[in-house]
Amino acid sequence: MYDVIVIGSGPAGLTAAIYLSRNGLKTLVIAGSTWGGQLMLTSHVENFPGFSEGIAGPELMNNMRRQAERFGAEIIFEDATSVDFRNKPFKVEAGGRTYKAAAVIIATGASRRWLGLESEKRLRGRGISVCATCDAPFFKGKNVIVVGGGDTALEEALELTKFAKKVRIVHRRDRLRASRALQRKAFSNPKIEFVWDVVVSEILGKEKVEGVRLKRTNTGEEFTIKCDGVFIAIGSRPNTEIFKGQIDLDDDGYIVTRDETKTSIEGVFAAGDVQDRRYRQAVVAAASGCKAALDAQRYLEATNP
Ligand code: NAP
């Protein structure tokens, strides 16, 4: 029996764990089989305060993990497979075991979205990737495309320029969604080219990626480009599958919160990207984890004075 179970181990979950365990609450973090969240896929974080020269995403997450462990948080590296919030104590299943707690903080974050093409499934890992930090070195001297127009797409493209010969960013509009700082870097990088107003209608290749078929959004005209790799960076969706039917979710699957971190079940709180469709920044997730921890602590004090 724990005071609080934190589900998820990105900046939101680990910040919550740091606050809870430092305040003396018996805390379990169900970190997931691939722990650390989206920053584990980020090579260089330049805008997390306190690191004037930037820091590698995995290093930042390792620091947060060590900090939570130092205060006594227990961490298990299993995926939460189901929850039962109908009765108290709340129950969370992970790795075939059931864990119980008086309060729960959900910080399961978001996962990258895929285009949904059949060819994408078939060629995943054979030239198709969602992680330049992990896979860019495989594309030394090759031509790759990045799909998307947000911060992630530009970061992936910039990372890829360290290895690839040419990086084409294909975007469905003629304007980027990404921040100005990243746009400036991408526009001034001689290895990056843009293909505007197109969507990917097919990824070509039998055993490995050989090219993409693109469709112009304005005229419907289709054409192909040869390439060796395709990096998909078209945003993310919240990881809330196991909470369906247990707490209120909005139409896109994000957890609905009120008063910052409270979910539709008293004693269950949510923090980070799983309930944030607006900011989706590591520092915001961390702050929201802090709020959820303080709210959970107040809830426990009020229910067990
Ligand atoms: P995003 O901002 O939602 O951008 C997704 C991009 O993919 C958009 O340009 C969108 O086009 C395009 N797109 C979506 N669905 C598509 C589809 N089916 N086919 C083709 N294109 C599609 O997602 P993100 O870039 O992953 O960023 C997520 C959040 O993390 C943002 O808040 C971002 O600021 C943050 N982030 C920050 C940093 C940083 O600060 N260093 C780094 C990475 C991410 P439209 O533009 O037409 O909608």
Matching residues, the stretch 164-191, being away from the ligand (no atom under 15 Å from the Cβ) and within 19 Å of I225 (Cβ to Cβ) | A164, K165, K166, V167, N189, P190, K191
Assuming E159 fulfils every condition listed in (1) open to solvent by 40 Å² or more (accessible area, probe 1.4 Å); (2) assigned to a helix (DSSP H, G or I) apart from one, which condition is it?
-> (1)
Search the stretch 222-238 for residues that are in a loop (DSSP other than H, G, I, E, B) and pair each with any residue that is surrounded by fewer than 19 Cβ atoms within 10 Å (Cβ to Cβ) when their beta-carbon atoms are under 6 Å apart and the residues are at least 6 apart or on different chains.
-> C227/N143; C227/G211; D228/K142; D228/N143; I234/R113; G235/R113
Being within 26 Å of the chain's Cα centre (by Cα), of a type outside the set (D, E, K, R), open to solvent by 40 Å² or more (accessible area, probe 1.4 Å) and on the phi > 0 side of the Ramachandran plot, is that true of even one residue in the stretch 248-267?
-> no
Among the residues of the stretch 102-122, is there at least one that is open to solvent by less than 10 Å² (accessible area, probe 1.4 Å), closer than 19 Å to W196 by Cα and part of a helix (DSSP H, G or I)?
-> no
Check whether at least one residue in the stretch 79-90 is open to solvent by 20 Å² or more (accessible area, probe 1.4 Å), among the polar types (S, T, N, Q), assigned to a strand (DSSP E or B) and closer than 27 Å to L41 by Cβ, and report yes or no.
-> yes
Examine the stretch 65-75 for a residue that is in contact (Cβ under 8 Å) with a residue 24 or more places away in the chain, assigned to a helix (DSSP H, G or I) and open to solvent by 40 Å² or more (accessible area, probe 1.4 Å), and state whether such a residue exists.
-> yes
Please work out if V167 is crowded, with 19+ Cβ neighbours inside 10 Å, part of a strand (DSSP E or B) and not small (G, A, S).
-> yes
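The values are calculated or read from the model by the stated rules, or taken from the named source; none is laboratory data. What you see is a predicted model; the values in this text were computed from it and never measured. Counting neighbours? That spans all protein chains shown, and the Cβs are built from the backbone with ideal geometry, glycine included. SASA here: full protein model, heavy atoms, side chains in, ligands and nucleic acids out. Shrake-Rupley method; radii C 1.70, N 1.55, O 1.52, S 1.80 Å.
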